[in-house]
1. Which of the strands (runs of 3 or more DSSP E) found entirely inside region 191-306 contain at least 2 residues meeting this: touching a residue at least 40 places away in the same chain (Cβ under 8 Å), more than 27 Å from HIS2 (Cα to Cα) and not polar (S, T, N, Q)?
2. Does region 146-166 hold any residues that are among the polar types (S, T, N, Q) and farther than 20 Å from ILE188 by Cβ, and which are they?
3. Mind telling me which of the residues ASP291, ASP232, ASP258 ends up being open to solvent by 60 Å² or more (accessible area, probe 1.4 Å), over 18 Å from ALA24 (Cβ atoms) and modelled with pLDDT of 95 or more?
4. Among the residues of region 148-190, how many are on the phi > 0 side of the Ramachandran plot and either outside any loop (DSSP other than H, G, I, E, B) or touching a residue at least 40 places away in the same chain (Cβ under 8 Å) (or both)?
5. Name the residue that is nearest to the chain's Cα centre (by Cα), counting only residues in region 102-132 that are open to solvent by 60 Å² or more (accessible area, probe 1.4 Å) and in contact (Cβ under 8 Å) with a residue 60 or more places away in the chain.
6. For region 136-147, how many residues are buried (at least 17 other Cβ atoms within 10 Å of the Cβ) and in a loop (DSSP other than H, G, I, E, B)?
7. Give, as residue ranges, the strands (runs of 3 or more DSSP E) completely inside region 1-67 that count at least 1 residues that are open to solvent by less than 10 Å² (accessible area, probe 1.4 Å).
8. Output yes when any residue across region 72-84 is open to solvent by 60 Å² or more (accessible area, probe 1.4 Å), assigned to a loop (DSSP other than H, G, I, E, B), touching a strand residue (DSSP E or B) at 6+ places or on another chain (Cβ under 8 Å) and modelled with pLDDT of 95 or more, and no when none is.
Amino acid sequence: MHYVPLVEVVRSGFVECVHHGALAILAPGGQVLHLRGSIDAPIYPRSTNKPLQAVGLLRAGYKPADDEHMALATASHEGEPDHVAIVTGMLDGIGATEEMLQCPPDLPLNEAARARVIHRGEGPRKIYMNCSGKHAAMLAACIEQDWPTESYLDPAHPLQVHLAATVREIAEEPEHPSGVDGCGLPIIPVTLTGLARAFQKLVTATDGTFEHQVTSAISTHPYLMSGTGKPDVILMRTVPGFICKSGAEGVFAGALPDGTAFAFKFADGHERPRLPLAAAVLHALGAQGADKLPATPVLGGGQRVGEVRAATDAVPL
């Protein structure tokens with residue numbers, strides 16, 4: 001994998017840090033508009049795959065009660081009260097318990113939510129784990145199909161075989177050796193080109209399709225599939241019709257309503273450069289609302305002394 005400078009951290013006029021990565025931007029017709037670094041080598045998309053897996057869940061018979069449940073099925077949530085309440089409702093609706101979730105226990109990612117949990121004397125729980133909504137939806141699909149619920153993490157489980165095939169189909173990718181994600185589920189590698197192509201298909205899907213159902217849920221409820229102050233929420237609430245999903249280790253994909261799509265990964269896996277690069281791409285594409293996206297300041301003594309910004313030639317559209 002070849003990475004190039006994409007984002008700079010500037011303090012007092014001095015570039016003190018550079019985040020390297022790879023970026024692919026696709027035109028509505030699917031042709032590559034712009035590339036930086038290696039865009040055709042497979043990566044682990046991590047949670048950026050979740051909307052694609054959600055399409056597979058719907059195909060497998062998952063019947064979300066509403067768009068809120070659908071959004072949590074795609075979520076890397078922060079464990080805030082609304083998130084936990086909806087995942088609880090997802091489990092109650094299928095007669096399942098938290099213990100049936102196969103994700104590891106965790107504390108909420110959101111600082112305030114985590115503090116409240118600790119203040120109550122609680123420890124890590126499976127339902128607080130950021131992938132618990134997806135796991136609850138997987139349990140629902142297994143129950144609907146009468147598939148084993150205790151072994152749904154197994155790559156050979158019929159649900160995982162089906163979901164892997166769905167991801168590869170939507171991304172138009174060949175089979176690559178899979179890995180194990182942070183929540184224990186199989187992770188299906190795709191290229192940045194394939195990831196952008198997949199989000200292009202989601203955003204342009206016609207009404208009545210499973211792809212449109214997923215797109216509608218995440219665009220209506222970006223907070224539920226992410227959390228307070230996260231890049232996905234900021235981007236989708238500021239740029240009309242834009243859909244996106246962040247993944248661990250510096251992965252991101254998004255698409256505009258006309259089908260223009262992009263995906264990137266940072267070599268260092270840092271979250272800090274995610275919003276500045278996405279904002280720069282959207283601004284370069286002339287997306288409505290992109291000029292209203294917030295800058296990412298660098299502070300010194302509590303005052304702004306610089307910013308995290310796209311490198312000069314990162315997005316030369």
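The values are calculated or read from the model by the stated rules, or taken from the named source; none is laboratory data. Since the structure is predicted, the reported quantities are computational estimates derived from the model, not experimental observations. Every residue, glycine as well, gets a Cβ built from its backbone with ideal geometry; the counts of neighbours run over all protein chains shown. We work out accessible area using only protein heavy atoms, side chains counted, and drop any ligands, DNA or RNA first. Shrake-Rupley method; radii C 1.70, N 1.55, O 1.52, S 1.80 Å.
1. Details: elements: 243-247, 251-255, 261-266, 296-300.
Of the strands (runs of 3 or more DSSP E) lying wholly inside region 191-306, those with at least 2 residues that are touching a residue at least 40 places away in the same chain (Cβ under 8 Å), more than 27 Å from HIS2 (Cα to Cα) and not polar (S, T, N, Q) span 296-300.
2. Kept after step one, since they are among the polar types (S, T, N, Q), are these residues of region 146-166: 149, 151, 160, 166.
Passing the criteria: only THR149.
3. Working: ASP232 fails: open to solvent by 60 Å² or more (accessible area, probe 1.4 Å); ASP258 fails: over 18 Å from ALA24 (Cβ atoms).
Selected residue: ASP291, the only one of ASP291, ASP232, ASP258 that is open to solvent by 60 Å² or more (accessible area, probe 1.4 Å), over 18 Å from ALA24 (Cβ atoms) and modelled with pLDDT of 95 or more.
4. Start the filter on region 148-190 by keeping residues that are on the phi > 0 side of the Ramachandran plot, which leaves 172, 184.
Narrowing further to those that are either outside any loop (DSSP other than H, G, I, E, B) or touching a residue at least 40 places away in the same chain (Cβ under 8 Å) (or both): 184.
The number of residues fulfilling the criteria is 1.
5. Selected residue: LEU109.
6. The number of residues fulfilling the criteria is 1.
7. Values: elements: 4-11, 14-26, 32-36.
Of the strands (runs of 3 or more DSSP E) lying wholly inside region 1-67, those with at least 1 residues that are open to solvent by less than 10 Å² (accessible area, probe 1.4 Å) span 4-11, 14-26.
8. No, region 72-84 contains no residue that is open to solvent by 60 Å² or more (accessible area, probe 1.4 Å), assigned to a loop (DSSP other than H, G, I, E, B), touching a strand residue (DSSP E or B) at 6+ places or on another chain (Cβ under 8 Å) and modelled with pLDDT of 95 or more.
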